[in-house]
1. Work out the charge dipole of the chain with +1 on the Cβ of Lys and Arg and -1 on the Cβ of Asp and Glu about the Cα centre, then indicate which of P157, T404, M172 is farthest towards its positive end.
2. Cut-off 18 Å, label point 7 angstrom out along Cα-to-Cβ of R128: give me the residues of segment 50-79 whose amide nitrogen falls inside.
3. Remind me, relative contact order of the chain in percent, using alpha carbon pairs under 8 angstrom and six or more residues apart?
4. Sort 127-136, 279-288 for me by packing, meaning the mean count of neighbouring Cβ atoms within 10 Å per residue, highest on top.
5. Can you classify segment 10-134 as rounded, prolate or oblate using the Cα gyration tensor, where a ≥ b ≥ c are the square roots of its eigenvalues, rounded means a/c under 1.5, and otherwise it's prolate if a/b beats b/c and oblate if not?
6. Setting aside same-chain residues fewer than 8 positions from K274, which aspartates and glutamates have a Cα under 12 Å from its Cα?
7. Please compute the modelled spin-label separation between F237 and R93, points set 7 Å along Cα→Cβ, answer in nm with one decimal.
8. Among C308, I15, F236, whose Cα projects farthest towards the positive end of the dipole of segment 7-407, with charges put on the beta-carbon of Lys, Arg (+1) and Asp, Glu (-1)?
Amino acid sequence: MRIDYKLNDKFDLGIFIPAFVLFCIGLAAIYSSTLNNPHAAGNFQKQVIWGIGAFILFFVIYSLPTNTFKTLAIPTYLFSILMLLVVLVIGKRISGQKSWLGLEGLGFQPSELAKLGTVLALAYFLSRKNTNIESFKDIIISLTIGLFPVLLIMLEPDLGTSFIFFGLILVMIFWKGISLFGLFVVLSPAIVAVSSLFDMYYFIGTLVLVLITLILFKKDILFSGSLFALNVGAGFFTTYLFRALSLHQQTRIRSFINPGADPLGAGYNAIQAKVAIGSGGFLGKGFLAGSQTQLQFIPEQWTDFIYCVIGEEFGFIGTIIVLTLFLYLFMRILKLASSAKDEFLSLTLIGILAIYFVHFLINVGMVVGIMPVIGLPLPFVSYGGSSLFADVLMLGIAANIYRTRKNYT
């Protein structure tokens, strides 16, 4: 029997190959960074096993009927919320965070499932025929769906993962078609909240800009006043929340503002990471030849700081290859999301893209010193079973939607 279609008509190699190559690059970096560390013995072998299991899961997800994702959207979200509640009660505390569930030597982070659950639930709500993203009520419902998991994650506390949710919420409601003013309503409290962490002058200055913007939009005075009060409340609440964080979390945020203030403490990793990348030069020092990596200047470099292993040992060329693979993957998912006529699938794809992109942006940014050190892995590359399974599962959903794209476009 003659096969009348090409492989690429049903299976997007442009999505699969970049992710798989990134995984292989990650394996090389994990092997190098753990080679001389007795505390990390076996991590490379574990990542290989997790990778095999994850890519088996990829093909399982790829083969499912595409409408399964919409059917499971709300159950997945509710189950992820349940797991976040469970981890607060019986979770295992690691590095000051109660974010892991342990089972016979295996660890699982419910927050990884919560990212996907939130994307599916938000896509489900936003794609309903009677949802109006310009309606204040629907904006509030959308924010509630997205921010409820954040509240539970902040109680762990896991500040880094919370940033992912903010990013996916913003991107998904923008993709839905929210107006400039609607985007301002959503974004302004977040900007004010961040400014409050820096200095009182930054906080007041941001509020003045918010007030001027509200005047320029010429909205109803009662609504504008309520929104301004919300922004003020966001700033004070963030300050309160910052003080409620553990000392470890507070120090990490302060070290972002000025890493040099504590070069042997919270700012140490950020400083050493820049040294490692800078010392790699154009071609790198060679595989297994990075001094910062082999002498273990950066603790647990195989996780959040794995990008500087690549920079030191494979140089500028290695880092550019990684960046190119990510950008190509992002463009493929964006193209698929743009062509999908089924709104739920399009929103799901853009939510998955947002998760990948925010992880990528923050991880690479904190390694080169332009983002806070908040402990986020690099998708497909960093060591860790929970994050790898979540990344590959979402990749499987994207590949599945590509397989049936002609049915929904």
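FYI, it's all coordinate maths here, none of it is from the lab. Predicted model, so just to flag it, every value in this text is computed and none were measured. As a convention, Cβ positions derive from the backbone with ideal geometry for all residues, glycine included, and neighbour counts pool all protein chains shown.
1. The residue sitting farthest along the positive end of the dipole is T404.
2. Residues 70-79 qualify, since their backbone N sits under 18 Å from the label point.
3. Details: 564 pairs, mean separation 108.5, N = 409.
Worked out over the chain, it gives 27 percent.
4. Working: 127-136: 12.5, 279-288: 15.2.
Sorting 127-136, 279-288 by mean packing, highest first, produces 279-288, 127-136.
5. Numbers: a/c = 2.50, a/b = 1.35, b/c = 1.85.
Verdict is oblate for segment 10-134.
6. E312
7. Result: 2.7 nm between the two label points.
8. Ranked along the dipole, the leading option is I15.
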